[in-house]
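For reference, the structure is listed below as structure tokens.
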Amino acid sequence: MARSKVEAKTQPEFRSRLKEADPELAGLLKKELARQRGTIELIASENFTSRAVLEAAASVLTNKYAEGYPGARYYGGCEFVDEVETLAIDRCQQLFGAEHVNVQPHSGSTANQAVYFAELAMGDAILAMKLDHGGHLTHGLKVNFSGRFYHVHSYGLDKETGRLDYDDIEEIARERQPQLIVAGASAYPRSIDFARFAGIARSVGARLMVDMAHIAGLVAAGLHPDPVAVSDYVTTTTHKTLAGPRSGVILCKQKFARNVDKAVFPGLQGGPLMHIIAAKAACFKLAGTEEFRQRQKQTVVNAAVLAGRLQEGGIQLVSGGTDNHLMLADLTDIGITGIEAENRLEEVGITVNKNSVPFDPLPPTVTSGVRIGTPAVTTRGFREAEMEEVAAIILAALGQRVTTAEKKRLRRRVNELLAAFPLYPHL
Ligand code: DSN
């Protein structure tokens, strides 16, 4: 396809100006691009965003202050950013069928914070998933704001099945009577029954917040049970399966709109990042396309293929497999820790993150597991055949007594795989 005039003019200029003004920084950006191009990215929460999103995020909208909301700002000159924010809101509402959307949170953590701020008083009780069973820092970790400002009760996974036990969650909710129940996870490989969570919340008079950060792309594509229709609040990041810029969003029922908006601004934030809101608008448009839906389908297929091959190779997966974009490998049986596995894979050009497994006896700095996800490699173009090769490389790298020569051979296999799928060739 012919390069557009804008790309042809602005991209090289942008690059060369940065190099001229700040060669040290330009050099680091170049190295990071080379790292992304030169490794197989299996961190489940990462992805490669589109050129459209990159362009919007690097636009002149970064210059604009726009405290307030469209049509009610505290600064002049907001006529175009008003349109940008309205576009982002409308597209997000349409994509997820939400009654109300706030696109200003800078991140998923801020989005969660805003919902707590809107819904709870200090000291109120929340019920959320334990961090070491797959929850998130903002779901009540003691040192996080959520654990410091609220009374936290938690639920975990069933020891036998490695899955959520909804009867158990219901019992804890009945006992603890939380004001807010939080569903959603950072490292849970199975579909979550949000309708069941909604029933539990209703039965104890609690509100339900779903943090769908990991699975937002799958939800948009109709590949995961929908949290939006059944929840009071839904929060998400926009950069994981959704493949947008690094940021956050809140979706809620109309009756909570005013409180949510007030909690975000002026409650927690000042000026919204209008360039990132523009990038979110682009992301929501792309997430409504057939191409995006197909990519999400392939992401799930790729995860299933990788999970199957790793299991055949003797690696235990928490819950015995995956329904979504990620899997959690428990390495106890093969005798290596999560940190060792992360390092070994990095040596051959594969990036993952160490991750606690449920009931992990090892500390979070070591862990017994690694979390592996397929969104980024799928965006890059990997399909079933490539996932088989990725699984074979992982199994070899995690095997007993891997020699330096063998590591070099594995690195070459990684390079061969990547060479067929160039990343950001225009940069
Ligand atoms: N840190 C993110 C993840 O890796 O899942 C969650 O915010």
Quiz item: Regarding Val143, is this residue within 16 Å of the ligand (Cβ to nearest atom), within 26 Å of Gln269 (Cβ to Cβ) and either out of contact with any helix residue (DSSP H, G or I) (no Cβ under 8 Å at 6 or more places or on another chain) or of a type in the set (Phe, Trp, Tyr) (or both)?
Solution: yes
Quiz item: From the residues in the range 20-57 that are over 16 Å from Thr238 (Cβ atoms) and not in a helix (DSSP H, G or I), which one is farthest from the chain's Cα centre (by Cα)?
Solution: Asp22
Practice problem: State yes or no: is Thr365 within 16 Å of the ligand (Cβ to nearest atom) and out of contact with any Leu (no Cβ under 9 Å at 6 or more places or on another chain)? | Solution: yes
Exercise. Scan Tyr74, Tyr69 and give me the residue that is of a type in the set (Ser, Thr, Tyr), more than 16 Å from the ligand (Cβ to nearest atom) and in contact (Cβ under 8 Å) with a residue 40 or more places away in the chain.
Key: Tyr69
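Does Asp360 satisfy being under 28 Å from Leu218 (Cα atoms), open to solvent by 20 Å² or more (accessible area, probe 1.4 Å) and more than 15 Å from the ligand (Cβ to nearest atom)?
no
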Quiz prompt | Lone qualifier among Leu218, Leu223 - being at pLDDT 95 or above, away from the ligand (no atom under 14 Å from the Cβ) and in a loop (DSSP other than H, G, I, E, B) | solution = Leu223
Quiz item: Exactly one of (1) surrounded by fewer than 13 Cβ atoms within 10 Å (Cβ to Cβ); (2) at pLDDT 95 or above; (3) more than 19 Å from Pro375 (Cβ to Cβ) is unmet by Ile89. Its number?
Solution: (1)
Quiz prompt | Residues being away from the ligand (no atom under 16 Å from the Cβ), of a type outside the set (A, V, I, L, M, F, W, C) and either more than 24 Å from the chain's Cα centre (by Cα) or at positive phi (or both) - total across the range 167-201 | solution = 11
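Mind listing whichever residues of the range 202-215 are away from the ligand (no atom under 16 Å from the Cβ) and touching a Phe, Trp or Tyr at 6+ places or on another chain (Cβ under 8 Å)? Break it down stepwise before answering.
Residues of the range 202-215 that are away from the ligand (no atom under 16 Å from the Cβ), as a first pass: 202-208.
Within the range 202-215, Arg207, Leu208 qualify.
So, in the range 197-212, exactly how many residues are out of contact with any His (no Cβ under 7 Å at 6 or more places or on another chain), touching a residue at least 40 places away in the same chain (Cβ under 8 Å) and open to solvent by 10 Å² or more (accessible area, probe 1.4 Å)?
2
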Quiz item: Which one of these is at pLDDT 95 or above and over 30 Å from Ile181 (Cα atoms): Asn63, Asn102, Asn112?
Solution: Asn63
Quiz item: Checking Thr237 against (1) away from the ligand (no atom under 16 Å from the Cβ); (2) closer than 25 Å to Pro358 by Cβ, which test does it fail?
Solution: (1)
Practice problem: Could you please find all residues in the range 95-109 being polar (S, T, N, Q) and open to solvent by less than 30 Å² (accessible area, probe 1.4 Å)? | Solution: Asn102, Gln104
Quiz item: Is there any pair with a first residue in the range 321-346 that is β-branched (Val, Ile, Thr) and a second that is assigned to a helix (DSSP H, G or I) whose Cβ atoms are under 6 Å apart and which are 6 or more apart or on different chains, and what are they?
Solution: Thr322/Ala303; Thr322/Ala307
Quiz prompt | The lone exception for Lys280 - which of (1) open to solvent by 10 Å² or more (accessible area, probe 1.4 Å); (2) under 19 Å from the mean Cα position of the chain (by Cα) it fails | solution = (1)
Exercise. Would you be able to tell me the number of residues in the range 310-336 that are of a type in the set (S, T, N, Q) and touching a helix residue (DSSP H, G or I) at 6+ places or on another chain (Cβ under 7 Å)?
Key: 3
Quiz item: Do we find that Thr367 is in contact (Cβ under 8 Å) with a residue 12 or more places away in the chain, β-branched (Val, Ile, Thr) and touching a strand residue (DSSP E or B) at 6+ places or on another chain (Cβ under 9 Å) in this structure?
Solution: yes
Quiz item: strands (runs of 3 or more DSSP E) wholly in the range 111-196 with at least 3 residues that are open to solvent by less than 10 Å² (accessible area, probe 1.4 Å) - which ones?
Solution: 125-129, 180-183
Quiz item: From the residues in the range 146-166 that are touching a residue at least 60 places away in the same chain (Cβ under 8 Å) and either within 16 Å of the ligand (Cβ to nearest atom) or touching a strand residue (DSSP E or B) at 6+ places or on another chain (Cβ under 9 Å) (or both), which one is farthest from Glu119 (Cα to Cα)?
Solution: Gly162
Quiz item: Quick one: in the range 380-427, which of the residues that are open to solvent by 80 Å² or more (accessible area, probe 1.4 Å) and polar (S, T, N, Q) is nearest to the chain's Cα centre (by Cα)?
Solution: Gln400
Self-check item: Tally, over the range 58-72, of residues that are part of a helix (DSSP H, G or I) and surrounded by fewer than 16 Cβ atoms within 10 Å (Cβ to Cβ)
Solution: 3
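The values are calculated or read from the model by the stated rules, or taken from the named source; none is laboratory data. Since this is a predicted model, take the numbers as computed values, not measurements. For neighbour counting, all protein chains shown are included, and Cβ atoms are generated from backbone atoms with ideal geometry for every residue, glycine included. The accessibility values were calculated without ligands, DNA or RNA, using every heavy atom of the protein model including side chains. Shrake-Rupley method; radii C 1.70, N 1.55, O 1.52, S 1.80 Å.
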